[in-house]
Amino acid sequence: MQTSAVPDLAHTHARPVHWLATATAMAAVVAAAGLMQPKAATASQAGAPGAVTAAAPAPGPAGVRLPLECGGAKSVVTGKASGDLDGDGSPETVAVARCDAGSGTPPSGVYVLTQGGETGPRVVATLLEPAQKLSVKDFAVRDGAVTATLLGYSSPDVPRCCPDQQEKVKWQWQGGKFVRSAAL
């Protein structure tokens, strides 16, 4: 019989104690990896120009140019409410505004504002155009939805002081846009 040039590898036979030691070491590595997780990923880098963080306050309507055509009259914000409407972790503000008329019930506009980074708050959506000639009552932001009662007129003969129609509506972010539906 010829002797092998390789040393005897009798110590390489796996015994149950070797398997137990290997399993214990692997369990320790997996447990350590589970404890050392990186911070949660965000869509924007902290400190990056224009980055909005969850701690950012809701934008206010003061100083924002709302798309209202008031002629020589001023526009007035009659209501505002904030909440995270699109699920991105940053609050948006919904502002109800109208022209400051001397009498009657001027139509309202409903606008969604978001932080615009260094440029300040900006309008990102119009939920109700003043051209629809509706007024807004019982306005709120709850559970990611905007709810309101819209007041309108059945005909041009109805005095503008006294709306004779109402509709309860809800706007909710779906598929990348605000969708209007009847509120229950």
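The numbers here are math on the coordinates, done by the rules we state, and not lab data. Quick caveat: nothing in here was measured; it's all calculated off a predicted structure. Quick reminder, even Gly has a Cβ in these numbers, built from the backbone with ideal geometry, and neighbours come from all protein chains shown.
Treat every Asp and Glu Cβ in region 75-182 as -1 and every Lys and Arg Cβ as +1, leave all other atoms uncharged, and give the resulting dipole magnitude about the Cα centre to the nearest 20 debye.
Working: 11 positive and 12 negative charges, 41 e Å.
Around 200 debye, computed over region 75-182.
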Rounded to whole Hz, the Karplus (6.51, -1.76, 1.60) HN-Hα couplings of region 151-161, x for glycine and proline: 10, x, 10, 6, 7, x, 6, 6, x, 5, 7
Distance between modelled label sites at A21 and C161, nm, 7 Å Cα→Cβ extension: 9.6 nm
